[in-house]
Amino acid sequence: MNQDKRQIFTPSKIHNDKILDYYKDISCLIFGSASGILQLKAINGLIYFLLTSLMSSLLFHWAMITFRNNQYKYGLKDFYINPISEVYLGNIGKQIAIFTMMWCLLSALIS
């Protein structure tokens with residue numbers, strides 16, 4: 001049984017998680033605000049959340065593998081233990097709550 005056991009330095013892992021959480025929180029605030037301003041309703045708002053959440057995760061993923069030092073070839077697995085779970089699905093409940101809060105707030109203010 002040959003498994004790749006990667007170890008990530010704990011303070012680095014905590015820092016990486018904080019950066020990702022901050023990025024996701026800000027993007028959910030912005031996209032939730034846009035959804036409220038656009039007056040999206042019900043399923044359209046949900047689809048908008050899913051698309052923008054996927055888009056922001058892909059953008060973060062792209063930035064992590066593109067803007068790196070050419071001397072060191074790091075991948076996303078060098079920063080996160082399980083990148084799919086952490087980058088794409090991590091804290092999805094918190095993201096939905098932030099998005100919905102801004103969506104409802106700005107939708108009520110506009111109408």
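The values are calculated or read from the model by the stated rules, or taken from the named source; none is laboratory data. Model, not experiment: these values are computed from the prediction. In this analysis, Cβ positions are derived from the backbone assuming ideal geometry, glycine residues included, and neighbour counts consider all displayed protein chains. Ligands, DNA and RNA are stripped out before the accessible areas are found, and what is left, the full protein with its side chains, is counted by its heavy atoms. Shrake-Rupley method; radii C 1.70, N 1.55, O 1.52, S 1.80 Å.
Only residues in the stretch 18-29 that are among the small types (Gly, Ala, Ser) count as the first member; pair them with residues that are exposed (fewer than 14 other Cβ atoms within 10 Å of the Cβ) and not in a helix (DSSP H, G or I), Cβ under 8 angstrom, at least 6 apart or cross-chain, and list the lot.
none
In the stretch 59-91, how many are among the β-branched types (Val, Ile, Thr) and either in a loop (DSSP other than H, G, I, E, B) or modelled with pLDDT of 90 or more (or both)?
Total meeting the criteria: 1.
Residues checked against (1) among the polar types (S, T, N, Q); (2) touching a strand residue (DSSP E or B) at 6+ places or on another chain (Cβ under 9 Å); (3) closer than 25 Å to residue 77 by Cβ; (4) loosely packed, with under 12 Cβ neighbours inside 10 Å:
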site	(1), (2), (3), (4)
14	no, no, yes, yes
49	no, no, no, no
55	no, no, yes, no
59	no, no, yes, no
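Test residue 12 against the criterion of being modelled with pLDDT of 95 or more and assigned to a helix (DSSP H, G or I), and give yes or no.
no
Looking only at the stretch 33-52, how many residues end up being part of a loop (DSSP other than H, G, I, E, B), in contact (Cβ under 8 Å) with a residue 24 or more places away in the chain and not hydrophobic (A, V, I, L, M, F, W, C)?
Within the stretch 33-52, residues that are part of a loop (DSSP other than H, G, I, E, B), in contact (Cβ under 8 Å) with a residue 24 or more places away in the chain and not hydrophobic (A, V, I, L, M, F, W, C) number 1.
Across the stretch 23-38, which residue is farthest from residue 111 (Cα to Cα) among those that are open to solvent by 50 Å² or more (accessible area, probe 1.4 Å) and either among the hydroxyl-bearing types (Ser, Thr, Tyr) or in contact with a helix residue (DSSP H, G or I) (Cβ under 6 Å, 6 or more places away or on another chain) (or both)?
This residue is 23.
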